[in-house]
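To keep things clear, I will list the structure first and then write my remarks on it.
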Amino acid sequence: MSRTPVARPATANGRRGVAAEELRRHNLAAVLERLHLSGTLSRSDLVATTGLNRSTIADLIAELTGLGLVEEGPGVAASGPGRPSPLVRGRPQGAAVLAVEVSVDSIAVATAGLGGHDYNRVRVARPRRRFSPQETVRDVAKLAEPLLVSLPADHVLAGVGVSVAGVTRRSDGFVHLAPNLGWKNVPVGAMLATELGLADQVMVANDADLGALAEHRRGVGVGVGHLIYVSGEAGIGAGIICDGKPMLGSAGYAGEAGHTLINPDGHKCGCGSVGCWEAEAGEAALARLAGIPANVAGLGVLDTALARAEAGDRRTLDAIAEIGRWLGLGIGNLVNVFNPELVVLGGFYHALFPYLEPAVAEAARVSAVAAPGSVVRIVSSGLGPDAPLIGAAELALSEVIADPARSAGRGVRLRPPAEGERGG
Ligand SMILES: [Zn+2]
């Protein structure tokens, strides 16, 4: 059960040595990524999809096996001549991660492993804007504890990824602003690492960015190179996948589409401005147009709107169509700028999709210019409300995949809580 990275030949400071080292790291990552995304592949599949030769693949698999990240089983006989090609798969417990989502109305945790293996997921609804960052981090740790304890005994905890509905800095897990949580300048990554007793940094990212990542890797966007995920929660965010990669901007803050101006004569936004996209197409607009008070018998705006829409309530259906129109106009703008193949509607737009779709499609068709508008499809999230949570797991796993040899040797460690430490 050795986790020691395979010894590498010393690179004699020469360019060739460094280049060979980089090439090997790149190839290891490419093979592990394919196994992570596909589940199980034969050696022949890996040869075919990577373009690497058979002996290189055998070599890379041997290294990944030594790192505990993949395992091989007997192959199934192919129709042609020769021995069956052995089947290779990611070893979930070789890199298990904890995923966390802090959303406006709930907190959720999940444990997952390489190869897209789901160990466990839990979501707990919470009243909006009631909890401080400290209380939230403590609740997340409590929720995570039984999940972490139930991971296989030989697991390596490879990382923690967190989704927050706010403007986040990935490099150190700092949340600048989460207006709908009521948080400002909160070092969520560091706080959660302390609460969980981790020595390593916890990765924190924006919920829409992680929704985009999840849909691209596991949802309706698999195989789609250019994708935009529009998340509607209390606000609106956009996560962009460009040429198969997340487009995060120079400092990681790209996608704050909810605060782009869409209606100069519009309504006041939570950010202090007027006529922002989320002020016209977000939850507050739906509540205002449908005449839904903030809290109807403990139900949120979404649940109330859904119940009324299902009952055929005209005012609610008109309200949904109206926010759909603003939503579609904004999507048309994004389509003109980014030319995506797919726009995925997540968050509360996922639930409202059957009612929203005609208005969204019509408005997007009008506001997108002909060429980019003709290639785009607007669909509902394939992963539903858990998309950002699944994206948080993918974020944590992406570190391992990017550099398997470096990551596998040093899984993050939990320290047992000291006596009375979590008493309150
Ligand atoms: Zn705004």
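The values are calculated or read from the model by the stated rules, or taken from the named source; none is laboratory data. A quick note: this is a predicted structure, and the numbers were derived from the prediction, not measured. Cβ sites come from the backbone with ideal geometry, for glycine too, and all protein chains shown count toward neighbours. What goes into the accessible areas is simple: the full protein's heavy atoms, side chains included, and nothing from ligands, DNA or RNA. Shrake-Rupley method; radii C 1.70, N 1.55, O 1.52, S 1.80 Å.
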- Item | Hits in segment 262-278 (condition: among the small types (G, A, S), modelled with pLDDT under 95 and either in contact with a strand residue (DSSP E or B) (Cβ under 7 Å, 6 or more places away or on another chain) or crowded, with 22+ Cβ neighbours inside 10 Å (or both)) | none
- Looking at segment 293-304, is at least one residue of a type outside the set (S, T, Y) and modelled with pLDDT of 95 or more? no
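Of the residues V160, V175, only one is of a type outside the set (S, T, N, Q), open to solvent by less than 10 Å² (accessible area, probe 1.4 Å) and closer than 18 Å to V97 by Cα; which? Steps first, please.
Numbers: V175 fails: closer than 18 Å to V97 by Cα.
It is V160.
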- Report whether or not G346 is under 12 Å from Y229 (Cα atoms) and in contact with a helix residue (DSSP H, G or I) (Cβ under 9 Å, 6 or more places away or on another chain). yes
- Task: Name the single residue, out of those in segment 118-132 being in a loop (DSSP other than H, G, I, E, B) and not basic (K, R), that is farthest from L302 (Cα to Cα).
- Result: S132
- Message: Only one of A368, A408, A387 is modelled with pLDDT of 95 or more and open to solvent by less than 30 Å² (accessible area, probe 1.4 Å). Can you tell me which?
- Response: A387
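Looking only at segment 218-261, how many residues end up being within 13 Å of the ligand (Cβ to nearest atom), open to solvent by 30 Å² or more (accessible area, probe 1.4 Å) and in contact (Cβ under 8 Å) with a residue 40 or more places away in the chain?
The total comes to 2.
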- Identify all residues within segment 52-91 that are open to solvent by 10 Å² or more (accessible area, probe 1.4 Å) and assigned to a helix (DSSP H, G or I); write none if there are none. R54, S55, T56, A58, D59, A62, T65, G66
